[in-house]
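Reading through the structure tokens given below for one structure.
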Amino acid sequence: MNEWQDCHGNGEHKNGFFVEAGGLDGERSSNTIWFEKKYGWTGFLIEMDPSYYLQLRGKNRQCYTANACISSTNFPAMVPFIEMRGGNTAISSKVSKNSLDTMCFPFYSMMLALNRTKIDYFSLDVEGQELAVLKTIPFDKLDISVLSVEYLHTDKEQLKNLMKAKGYTLAKTLAYENAKIVQWSFDYIFVKNEL
């Protein structure tokens, strides 16, 4: 049984909308491809690394895409990023000879540009910027049903407390790693409380 079924009954939710920040190549480690292929969902894939973004575009996913990142402030910004172990990338605190620039936009601005305020599933895996990004989201203006948030590089208690204050329940903690196939998942699954 998958997380969506655990949180929402039988999992037969058709025509949903997802957002995946940290889309990588659009398939490997994708948290959203299952919803697209099995249930006909569409959505928005965000990947800041240009090489991964080119791979993602080649997968012909049925969704919007952006070669950008989500800003950790309420303003657009050009920020440096670096490649990390395992081929992932992360925002860097300073420009270096090994860093590249990428454009970051506020999450709410991205959703307004897509004319979307209802998100069924939001996957947030941005290598340590998760808490800063979540703090910028106006949850009173966006209706997000379920979030998976990577907790590996962030303050876990602050993350859980923020989501509780925003009206979410921690439904599940995922901790999976398989070094042989370079796959891992260290995510919290948050479900919006019913009013």
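The values are calculated or read from the model by the stated rules, or taken from the named source; none is laboratory data. All values derive from a computational prediction rather than experimental measurement. So basically every Cβ, Gly included, is an ideal-geometry build from the backbone, and we count neighbours across all protein chains shown. To get the accessible areas, we keep the full protein, side chains included, count just its heavy atoms, and leave off ligands, DNA and RNA. Shrake-Rupley method; radii C 1.70, N 1.55, O 1.52, S 1.80 Å.
Here the spin labels are modelled as points 7 Å beyond Cα on the Cα-Cβ line, and at E194 and F75 they lie 4.3 nm apart.
Restricting the range 112-195 to GluC sites (Glu not before Pro) that sit in a DSSP loop and have at most 10 other Cβ atoms within 10 Å of their own Cβ leaves E194.
The distance from the alpha carbon centre of the range 155-181 to that of the range 11-51 is 19 Å, rounded to a whole number.
Take each of the peptides 52-59, 103-110, 134-141, average the number of other beta-carbon atoms within 10 Å over its residues, and list them starting from the highest.
On the way: 52-59: 17.1, 103-110: 18.8, 134-141: 15.0.
The densest-packed peptide leads the list: 103-110, 52-59, 134-141.
Which entries in K135/K166; K141/K164; K14/K38; K166/K192; K118/K141 show an alpha-carbon gap greater than 20 Å?
Working: K135/K166 10 Å; K141/K164 17 Å; K14/K38 9 Å; K166/K192 9 Å; K118/K141 9 Å.
The pairs that break the limit, which is 20 Å between Cα atoms, do not exist here.
Heavy-atom accessible area with a 1.4 Å probe sorts I46, I33, largest first, into I33, I46.
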